[in-house]
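The values are calculated or read from the model by the stated rules, or taken from the named source; none is laboratory data. Not measured: the values here are computed from a predicted model. Counting neighbours? That spans all protein chains shown, and the Cβs are built from the backbone with ideal geometry, glycine included. Remember, those area values only see protein heavy atoms, side chains included, never the ligands or the DNA or RNA. Shrake-Rupley method; radii C 1.70, N 1.55, O 1.52, S 1.80 Å.
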Amino acid sequence: MTQLPLIAKPYFYQIRPLNPQAHLFEVACTVERPDPSGQCFRLPTWVPGSYLVREFARHFVSLKAEGSDGPIPIAKHSKDTWRAAPCAGPLTVVAQVYAFDLSVRTSYLDEQRGYFNGASVFLCPEGCADLPCEVVIAGPEGAAFGSWRVATTLPAVDTSAAGFGRYRGDDYDALIDHPVEMSDFASVDFEAGGVPHRVALSGRHDADLPRLAADLTRVCQWHVDLFDGPGGRAPFDRYLFQITAVGDGYGGLEHRSSTSLLCRRDELPVPGVADITDDYLTLLGLASHEYFHSWNVKRIKPAAFVPYDLAREGYTRLLWAFEGITSYYDDLALVRSGLIAPARYLELLGRTMTTVLRGPGRLRQSIAESSFDAWIKYYRQDENTPNAVVSYYAKGSLVALALDLLLRRAGRSLDDVMRALWKRHGLTEIGVPEDGVERVASEIAGRDLADFFARYVHGTEDPPLAEWLADFGVAYSLRAGQGATDRGGKPASGTMPQSSLNARIGADMKVVTVYSGGAAERAGLAPGDQVVALDGLKASTETLRVLLERHAPGYRIELHAFRRDELMRHTVELAAPPLDTCYLTLEGDMDAARAVRRQAWLSG
Ligand code: ZN
């Protein structure tokens with residue numbers, strides 16, 4: 001890249017879409033006074049919020065260095081580091097980066113839009129991470145891109161009306177915590193927590209943006225008030241929801257004053273539809289989740305992330321608190337802000353309980369262990385994950401619920417814990433030690449909660465939610481599942497199965513999961529097996545449904561399946577269907593104490 005602007009910073013960047021058709025960004029990093037013994041550059045291997053080593057350097061397709069007198073030799077020293085030969089400054093390294101990952105974690109470029117997370121494109125010059133820097137963001141060349149604009153919360157220094165130009169990073173960590181969207185996105189603005197908020201929506205859609213803004217206003221204000229009191233002020237100057245709508249996709253990543261969301265087009269509110277559909281509720285829950293992270297993990301952080309070491313895994317047993325508590329509050333905010341009724345909230349909670357109950361892995365791994373091993377287990381799921389791994393999101397949210405109910409019965413709440421964590425660790429930027437959540441919760445409870453944490457956080461016991469919810473006028477019921485599409489949360493409808501294979505089989509009759517110790521496992525079925533016949537009839541979800549409805553436990557079916565290209569014959573002795581599907585109902589008749597508790601919990 002030539003004609004670098006004069007920027008009085010020790011290091012600075014330029015990024016531009018080099019070739020949208022080839023999905024290439026060109027990224028330059030200039031160091032004014034390079035290390036006389038040879039300047040090193042490092043690229044992060046992971047992005048905060050997504051706990052998997054992603055090796056972003058594998059998308060660097062070329063890299064060269066130039067000093068004031070011409071080209072400088074530069075060589076790789078490890079998978080994610082480069083060292084330039086000693087030279088006089090300024091030294092500029094120019095890379096071409098392949099960007100075609102349609103997720104919220106890396107970068108993407110085609111003729112419709114460009115998007116990048118700084119961690120996947122900006123090399124960090126060694127010795128500069130704590131210093132301020134600048135970046136010049138340019139748009140692609142050509143009239144076809146004339147309508148492109150920039151959406152980011154990077155602080156602008158000098159930009160065009162479309163938002164291209166110079167931005168500031170207070171340090172490297174800040175630089176990479178404001179992802180950048182560039183496209184002809186739609187947008188809508190609103191205010192919450194006393195600061196401006198914007199939604200920048202890319203992808204094809206027909207969304208009711210004013211409706212989305214109105215609903216998000218309530219959710220965002222509710223979160224701000226939780227931490228800062230009624231009419232509270234947000235802990236940032238402005239906030240940006242970068243949303244990309246696609247045919248099929250889901251994901252969100254939190255940042256200090258923005259979030260990137262990937263949603264299905266059908267999840268956006270449609271003009272003229274007043275109801276909150278299940279699809280739209282999914283999007284509101286996701287937005288609520290990422291917004292809550294503005295406090296819980298972006299500012300209240302585990303000590304293990306202060307500072308982040310992006311060269312290697314960051315180990316903590318606390319992800320359940322940062323993801324589980326956030327998952328508890330994401331849907332809770334929807335009912336407590338009045339967007340949905342309590343019965344609708346209990347349906348969502350019943351689904352989460354169902355998800356957790358259906359995973360035998362919760363009996364083998366604690367949520368503290370799942371947090372620690374997120375890098376190699378939760379983030380690297382395979383066919384055995386349900387048997388071996390517990391989700392620190394889903395079970396973590398139920399442990400958060402249990403803690404909230406426990407505290408509420410003693411006249412306090414998880415809200416008090418979050419406010420105390422905010423004061424002690426958020427405002428002060430002091431990381432939360434590994435026992436910090438337990439300590440603060442015990443202080444709020446006014447007694448030692450070691451037993452609670454030993455059983456449900458560090459142990460694999462299920463919290464006694466049926467019993468504790470009864471104190472809040474909520475009845476907990478279990479039933480058998482009714483096939484692959486039954487996610488729980490509601491009472492049964494229609495005929496029930498009498499028996500079960502104890503396996504999850506996809507619509508294509510391929511075995512997805514064989515549950516530990518169940519009928520399918522005993523019969524020798526394995527994940528990936530292609531079931532072709534059941535009791536001599538061609539296999540389909542319908543033949544399986546009828547079979548399980550007609551036959552009692554103990555009945556033996558003959559099952560034919562291909563394992564790879566070999567036909568296998570299995571005799572499966574059907575088992576009793578597990579009661580792993582949960583639904584919650586509001587009790588009509590209850591005493592005044594329960595009514596008051598339920599009101600305080602679900603209405604705030
Ligand atoms: Zn999260």
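Of note:
- Neighbours by Cβ (under 8 Å, 6+ apart or cross-chain): first from the stretch 296-314, closer than 16 Å to Cys124 by Cβ; second among the charged types (D, E, K, R): Pro307/Asp173; Tyr308/Asp173; Ala311/Arg42; Ala311/Asp80
One line per residue, one yes/no per condition, for (1) β-branched (Val, Ile, Thr); (2) open to solvent by 60 Å² or more (accessible area, probe 1.4 Å); (3) at pLDDT 95 or above; (4) in contact with an Asp or Glu (Cβ under 9 Å, 6 or more places away or on another chain):
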residue	(1), (2), (3), (4)
Tyr13	no, no, yes, yes
Asn19	no, no, yes, yes
Leu24	no, no, yes, no
Pro36	no, yes, no, no
Phe41	no, no, yes, yes
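- Residue in the stretch 65-80 that is away from the ligand (no atom under 16 Å from the Cβ) and within 25 Å of Gly142 (Cβ to Cβ) present: no
- Taken over the stretch 287-305, the criterion of being in a helix (DSSP H, G or I), near the ligand (Cβ under 10 Å from one of its atoms) and either open to solvent by 10 Å² or more (accessible area, probe 1.4 Å) or farther than 15 Å from Val104 by Cβ (or both) is satisfied by His289, Phe292.
- So Ser160, is it modelled with pLDDT of 95 or more, open to solvent by 20 Å² or more (accessible area, probe 1.4 Å) and of a type in the set (S, T, N, Q): yes
- Residue that is nearest to the ligand (Cβ to nearest atom), among those in the stretch 258-267 that are in contact (Cβ under 8 Å) with a residue 24 or more places away in the chain and open to solvent by 10 Å² or more (accessible area, probe 1.4 Å): Leu262
- Matching helices (runs of 4 or more DSSP H) fully within the stretch 351-431 where at least 1 residues are modelled with pLDDT of 95 or more and under 21 Å from Tyr51 (Cα atoms): 367-372, 385-388, 394-409
- The set of residues in the stretch 43-93 being open to solvent by 30 Å² or more (accessible area, probe 1.4 Å), touching a residue at least 40 places away in the same chain (Cβ under 8 Å) and under 38 Å from the mean Cα position of the chain (by Cα) consists of Leu52, Val53, Arg54, His59, Arg83.
Matching residues to (1) touching a residue at least 40 places away in the same chain (Cβ under 8 Å); (2) more than 27 Å from Arg264 (Cα to Cα); (3) more than 16 Å from the ligand (Cβ to nearest atom):
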| position | (1), (2), (3) |
| --- | --- |
| Ala192 | yes, no, yes |
| Ala213 | no, no, yes |
| Phe236 | yes, yes, yes |
| Gly252 | yes, no, no |
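- All conditions but one from (1) within 16 Å of the ligand (Cβ to nearest atom); (2) in contact with a helix residue (DSSP H, G or I) (Cβ under 9 Å, 6 or more places away or on another chain); (3) open to solvent by 20 Å² or more (accessible area, probe 1.4 Å) apply to Tyr379; the one that does not is (2).
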